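Trainee: Encoded as structure tokens, here's the structure I'll be asking about.
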Amino acid sequence: MEYKIEIEKMDHFGRGIGKINNKIIFVPHTVKGDIVVVKIVKDKKKFYEGEVIQYSKKTPRIKLCPYSNVCGGCSFIDIDYKEQLKIKIEKIKDLFQKELGISIEIEEVISDSNTNYRNKIRLHGKNKKLGFYKEKTNDLVTIDECIISKDEINSIMKRLNLIIDNNMDEVMIRSNKEVMLDIKGSISKDIVLHHFKDIDTIYLNDFLIKGKGYITEDILGKTFMISNKSFFQVNTKICSKIFSKILNYLKTKNYHKALDLYCGVGVIGILISDYIDKVIGIEVIDTAIQDANQNKKLNKVNNIDFICDKVENRIHEFQDIDLIIVDPPRSGLDKKSLSSIIKMNPETIIYISCNPNTLIRDLKEMLIRYKIESFFMADMFPNTYHVECVALLGRK
């Protein structure tokens, strides 16, 4: 059965929201103001999920990307950038009001360009084609250019497509201060080296065939190594702005001992080490900790130690901590770590989150003892529904 509906607003994942007989329906590839004919593809107790059959009225789109209707990676890319930011701000405010009963004041919205910002992409190969997987599928969308990726990445992607007759299963490209290429597949070393003479570091099937094995990035006066296995923020400009704001806050304080939880390659811990007597970073990924220790040497930092383990396994060991910075995965803090942080009762907690839903879930527990002193939003992932938030908490 088909229904004609008007899209009244957008949800947190970039889907349009309408109603059928007073029951909400979520419809991908629609925006506020569209009038569409839809069919119901899922009937849940409290809502429907729908699919567009026909657009009766289509709100004007910003057409930046020729793949936006098939790729699914950038669910907001057809929406004007200022409107994207408005949607994300409302998303945060709605979650705080609904889940915590708080009218949150967003101190600042940090943004920059919404194109050519990504410093890393991962391409998949199939049947001598390279591209992205369509959202929630293994269907390959072949591409020549990704509008949100840096120009250097797009240039390499075009060159990869010239040698696509060689079977490549997966390709990772990083473009920071230098460029890294990591290829998996049945392609010869000679072909790779011939076509990518200018690339600083190249891996082929996990073997280093050119370069030092890592590339670097400069952030706020410090230099950081990035290996092929390590996590590093994909939007260098925005993460620099986030860290700058955190450092400006720390400069006004007098902390002695800090924990940097989920520390990755040690960026935050090393940046704050100039303002704190002792920093301890914890991260479960061993290659990240290896990079963190190299970054410590590279920046001649002597007051930071890195531990390779799960946060929940080690957090109970520390005392007299007056600052804790957490930057957990999208799943947020596990219950044990959350409980330990609250019991530790530091003067300040800085919670950096890429998932507002799990941030607010964790804040429910933290706000028993803490108050939000500052909250800001950073658009780390323009043209997608993802958003980065930073909550600065002080003891009540």
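Derivation of every value follows stated rules applied to the coordinates shown; laboratory data play no part. Remember, it's a predicted structure, so these values are computed and weren't measured experimentally. Heads up, the Cβs are rebuilt from the backbone with ideal geometry, glycines too, and the neighbour counts pull from every protein chain shown.
Trainee: In straight Cα distance, which aspartates and glutamates are under 14 Å from Lys120, not counting same-chain residues fewer than 8 positions off?
Mentor: Partners found: Glu145, Asp151, Glu152, Glu170, Glu178, Asp182, Glu217.
Trainee: Amide H to amide H under 5 Å from Gln233: which residues, 5+ apart in sequence or cross-chain, H placed 1.01 Å off N in plane?
Mentor: Residues meeting the criterion, in which the H sits 1.01 Å from N, do not exist here.
Trainee: Next question, about the same structure. Give me the number: length gained by fully extending Arg361 to Asp309, i.e. 0.36 nm times residue separation minus the C-alpha to C-alpha distance, one decimal in nm.
Mentor: In short, 16.3 nm is gained.
Trainee: First measure r as the distance between the Cβ atoms of Val70 and Leu100, then evaluate 1/(1 + (r/R0)^6) with R0 = 56 Å and state the FRET efficiency to the nearest 0.05.
Mentor: The value I calculate is 0.90.
Trainee: Pull up all non-local amide H partners of Leu204: gap of 5 or more, or a different chain, and H-to-H distance under 5 Å with H placed in the peptide plane.
Mentor: Ile183, Ile209
Trainee: With a ≥ b ≥ c taken as the square roots of the eigenvalues of the C-alpha gyration tensor of the chain, please select rounded if a/c is under 1.5 and otherwise prolate if a/b is larger than b/c or oblate if it is not?
Mentor: oblate
Trainee: Continuing with this model, one more query. Amide H neighbours of Ile20 under 5 Å, at least 5 residues apart or on other chains, H built in the peptide plane: list them.
Mentor: So Ile20 has HN proximity to Ile25.
Trainee: Additional query: How high is the relative contact order of segment 240-280, given as a whole-number percent (alpha carbon pairs under 8 Å, six or more residues apart)?
Mentor: 47 percent.
Trainee: Could you work out how far the C-alpha centroid of segment 354-385 sits from that of segment 274-305, in angstrom?
Mentor: Answer, in whole Å: 25.
Trainee: From the cross-link list Lys46/Lys136; Lys128/Lys237; Lys98/Lys222, which pairs have alpha carbons spaced over 29 Å apart?
Mentor: Table pairs above 29 Å Cα-Cα are Lys128/Lys237; Lys98/Lys222.
Trainee: Anyone know which of Lys297, Lys371, Lys237 comes out most mobile in the 10 Å Cα GNM of the chain?
Mentor: Result for the chain, Cα springs under 10 Å: Lys297 fluctuates most.
Trainee: Of Thr287, Thr252, Thr142, which has the largest mean-square fluctuation in a 10 Å C-alpha GNM of the chain?
Mentor: Evaluated over the chain, the most mobile residue of the options is Thr252.
Trainee: May I ask for the distance between the Cα centers of segment 121-193 and segment 13-83, given as a whole number of Å?
Mentor: Spelled out, the Cα-based centre of one part sits 29 Å from the other.
Trainee: I would also like to ask the following. Tell me what the chain gives for mean residue ellipticity at 222 nm when only DSSP H runs of n ≥ 4 count, each as -39,500 (n - 2.57), the sum divided by the residue total, rounded to 500 deg cm²/dmol.
Mentor: Result for the chain: -7000 deg cm²/dmol, rounded to the nearest 500.
Trainee: With an 8 Å cut-off on Cα pairs and a minimum separation of 6 or more residues, tell me the relative contact order of segment 243-310 in percent.
Mentor: 33
Trainee: Quick check on the chain: of the DSSP beta bridges with both residues there, what percent are antiparallel, nearest 5%?
Mentor: 70
Trainee: Stretch Glu317-Asp112 to full length: gain in nm at 0.36 nm per residue minus the Cα-Cα span?
Mentor: 69.8 nm
Trainee: While we're on this one: By a straight-distance test (C-alpha under 15 Å), which aspartates and glutamates pair with Lys19 as possible cross-link partners, with residues fewer than eight away in the same chain excluded?
Mentor: Partners within reach: Glu2, Glu6, Glu8, Asp11, Asp34, Asp43, Glu49, Glu51.
Trainee: Okay, next question. For the chain, what is the relative contact order in percent, using Cα pairs closer than 8 Å and at least 6 residues apart in sequence?
Mentor: Computed over the chain, the figure is 13 percent.
Trainee: Using the Karplus curve 6.51 cos²θ - 1.76 cosθ + 1.60 with θ = phi - 60°, what ³J(HN,Hα) values do you get for each residue of segment 292-297, in whole Hz, with x for Gly and Pro?
Mentor: 4, 5, 5, 5, 4, 5
Trainee: Starting at the first residue of segment 324-330, write each ³J(HN,Hα) from the Karplus equation 6.51 cos²θ - 1.76 cosθ + 1.60 with θ = phi - 60°, in whole Hz, x for Gly and Pro.
Mentor: For segment 324-330, the Karplus curve yields 10, 10, 10, 9, x, x, 4 Hz.
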